[in-house]
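The values are calculated or read from the model by the stated rules, or taken from the named source; none is laboratory data. Everything numeric in this text was worked out from a predicted model, so none of it was measured. Here the Cβ is made from the backbone with ideal geometry for all residues, glycine too, and neighbour counts use every protein chain on show.
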Amino acid sequence: MKREIPELAYLLSKVEEVFGRKPLTSSDFDDMTASVDSKTFQHVSTSTLKRLWGYVQPSPMPRMVTLDILSQYAGYSDFRHFCEELRTSEVFSSLFFSATTVLSRDLSEGACLTVGWAPDRVVELTYLGGDLFEVKDGGASQLKRGDRFLKSEFLLGKPLYIAKIFRGEDETPAYEAGKVGGLNLLKVSSKS
């Protein structure tokens, strides 16, 4: 079992939540060991925790007793119970949903698309063709007039993710709009 396994990675994130932070230093792992000992009345060594978090050379497979103790620390009876609850939770679930959607392939070149999200962000975009949009008016958002980005779909009620924005000669990192609540405005109008 390796850290890349979703169940183990999620368990470690739950342990971090209970501990109150991600362990980054050797003393953090000492503190985490003390916290686990105190809460579960069972011991997991600092070196084991360091291996699990990849602070030192990771071990290929943690022992089940270690996983059980960390599961108890995170509020579960054991690792098996943790995995069973995880299977019925929505953490790793996929689902079909319906949403008002605007697909770039359905737009005519020059069409205007207005998108909005809380709090009071309204952005006007011009479709240039080939999934390319240009910001006509960024409003109170971090998008600026003239910014360009590629996007094939916009979904009402879902956040707007843009992999990169072309700003003059520069490219920005990925951008997320409407993180809480998603897009609350999605309107297409004819050429501007």
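Is it the case that some residue within region 52-59 is under 30 Å from residue 177 (Cβ atoms) and aromatic (Phe, Trp, Tyr)? Spell out the reasoning first.
Step one: of region 52-59, the residues under 30 Å from residue 177 (Cβ atoms) are none.
No, region 52-59 has no match at all.
Output yes when any residue across region 121-137 is farther than 16 Å from residue 107 by Cα and either small (Gly, Ala, Ser) or in a loop (DSSP other than H, G, I, E, B) (or both), and no when none is.
Scanning region 121-137, I find no residue that is farther than 16 Å from residue 107 by Cα and either small (Gly, Ala, Ser) or in a loop (DSSP other than H, G, I, E, B) (or both), so the answer is no.
Residue-by-condition table, conditions (1) in contact with a helix residue (DSSP H, G or I) (Cβ under 9 Å, 6 or more places away or on another chain); (2) under 27 Å from residue 16 (Cβ atoms):
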{"site": "74", "(1), (2)": "yes, yes"}
{"site": "100", "(1), (2)": "no, no"}
{"site": "117", "(1), (2)": "no, no"}
{"site": "126", "(1), (2)": "no, no"}
{"site": "151", "(1), (2)": "yes, no"}
{"site": "173", "(1), (2)": "no, yes"}
{"site": "179", "(1), (2)": "no, yes"}
{"site": "185", "(1), (2)": "no, no"}
{"site": "188", "(1), (2)": "yes, no"}
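Looking at region 146-172 only, could you name the residues that are in contact with a Gly (Cβ under 6 Å, 6 or more places away or on another chain) and charged (D, E, K, R)? Give the derivation first.
So the first thing to find is which residues in region 146-172 are in contact with a Gly (Cβ under 6 Å, 6 or more places away or on another chain), and the list is 157-160.
The one that is in contact with a Gly (Cβ under 6 Å, 6 or more places away or on another chain) and charged (D, E, K, R): 158.
Tell me which residues, restricted to region 1-23, are loosely packed, with under 14 Cβ neighbours inside 10 Å and modelled with pLDDT of 90 or more.
Answer for region 1-23, where residues must be loosely packed, with under 14 Cβ neighbours inside 10 Å and modelled with pLDDT of 90 or more: 13, 17, 20, 21, 22.
Checking residue 173 against (1) under 16 Å from residue 102 (Cβ atoms); (2) under 21 Å from the mean Cα position of the chain (by Cα): exactly one of these is not met. Which one?
The single condition residue 173 does not satisfy is (1).
Test each condition in (1) free of Cβ contacts under 8 Å to residues at least 12 places away in the same chain; (2) farther than 15 Å from residue 9 by Cα for residue 46 and report the one that comes out false.
That leaves (1) as the condition not met.
Of the residues 92, 149, 154, only one is at pLDDT below 95, within 21 Å of the chain's Cα centre (by Cα) and on the phi < 0 side of the Ramachandran plot; which? Even if it seems obvious, please write down each step before you answer.
Values: 149 fails: at pLDDT below 95; 154 fails: at pLDDT below 95.
92 is the lone residue from the list that is at pLDDT below 95, within 21 Å of the chain's Cα centre (by Cα) and on the phi < 0 side of the Ramachandran plot.
Restricting the search to region 24-55, which residues are assigned to a loop (DSSP other than H, G, I, E, B), surrounded by 15 or more Cβ atoms within 10 Å (Cβ to Cβ) and at pLDDT 95 or above?
Selection gives 44 alone.
Could you give every pair whose Cβ atoms fall below 6 Å, whose first residue belongs to region 166-192 and is over 20 Å from residue 148 (Cβ atoms) and of a type outside the set (D, E, K, R), and whose second residue is modelled with pLDDT under 95 and part of a loop (DSSP other than H, G, I, E, B), counting only separations of at least 6 or pairs across chains?
Close Cβ pairs (under 6 Å, with a partner that is modelled with pLDDT under 95 and part of a loop (DSSP other than H, G, I, E, B)) amount to 181/118; 182/157; 182/158; 182/159.
Kindly list the number of the only condition in (1) over 19 Å from residue 89 (Cα atoms); (2) assigned to a helix (DSSP H, G or I) that fails for residue 62.
Result: residue 62 fails condition (2) only.
Confirm whether residue 25 is more than 18 Å from residue 83 (Cβ to Cβ) and either out of contact with any Leu (no Cβ under 9 Å at 6 or more places or on another chain) or not assigned by TED's automatic domain parsing to the domain that holds residue 76 (or both).
On the way: more than 18 Å from residue 83 (Cβ to Cβ): yes; either out of contact with any Leu (no Cβ under 9 Å at 6 or more places or on another chain) or not assigned by TED's automatic domain parsing to the domain that holds residue 76 (or both): yes.
Yes, satisfied.
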